[in-house]
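S.K.: Take a look at the following structure, please.
Derivation of every value follows stated rules applied to the coordinates shown; laboratory data play no part. All values derive from a computational prediction rather than experimental measurement. Glycine also receives a Cβ, built like all others from the backbone with ideal geometry; neighbour counts cover every protein chain displayed.
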Amino acid sequence: MQYHQKNNPYKENLNYENFEDSEDELKKPLKILDILDNEDNIARVLPEEDLDKIGSKVLEELEKDEETMRDWLDYADRAMELTKVERQQKNTPFANASNVKYPLITTAVTQWTSRAMAEFIKNGKVANVKVIGKDPDGLKWDKASRVREYINYHMLEKMPNWLDQSDKLHSQVAVVGTSFTKTWYDPIHEMVRSELMPYDAVIVHAGIKNLEDCHRIYSKNKS
């Protein structure tokens, strides 16, 4: 998407000090990145008709990607139901027969999670480092060690919900095979926070082999 500077509806919102005031410069297309140099949220300067077009396109692509995940989402839903060990009303013949569920899957998930967390956090440390290249004076190792200690302290002490969210993440991985966390800086509490994303809250095209090759990732608000 490109916007021309001449007769540009966003001109009053932008800083043109870096642009030469010439006819040739004014005819050059103004790209999204040019707008972002002056505005961190492009939605504030785009007109309503453009926002409507973008929103419709995003929703259309979301529905396409979610449809490619339909089989996996159905499988994941059934797998999660099995871990709940909830008693359900039987509406089949012999409805009065035994309706007891032994928590085999739940027990397996719990045991796997406990073993995985023990490997994930060893000796009270999450992060480790290594030195690449020569380090005759040990300066690289000293710097890496300080970084390691800071990361471990921050994640285990300054992020009170990180350990709990990591435990839930491993449990979800054991059941459905994949899981995500959202990590961000919370300016209100002035701290880094990390929250588990439910397996059906992150939508990507099923044909994607890894997230680095993914053109779009959708995150649904499940709250």
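S.K.: To the nearest 0.05, what FRET efficiency results for Glu61 and Lys182 with a Förster distance of 22 Å applied to their C-beta separation?
M.R.: 0.60
S.K.: What share of Cα pairs, in percent, lie more than 14 angstrom apart in region 101-144?
M.R.: Tail of P(r) above 14 Å: 66 percent of Cα pairs.
S.K.: So, one more: Suppose each label sits 7 Å from its Cα in the direction of the beta carbon; what would the Asp77-Lys122 distance come out to in nanometres?
M.R.: 4.1 nm
S.K.: Which FRET efficiency value, to the nearest 0.05, is calculated for Asp37 and Ser145 with the Förster distance at 45 angstrom and r the Cβ-Cβ distance?
M.R.: That gives a FRET efficiency of 0.75.
S.K.: Rounded to a whole number, what is D in µm²/s for region 98-223 from Stokes-Einstein with the Kirkwood radius over alpha-carbon pairs (25 °C, 0.890 mPa s)?
M.R.: Taking Rh from Cα pairs, D becomes 139 µm²/s.
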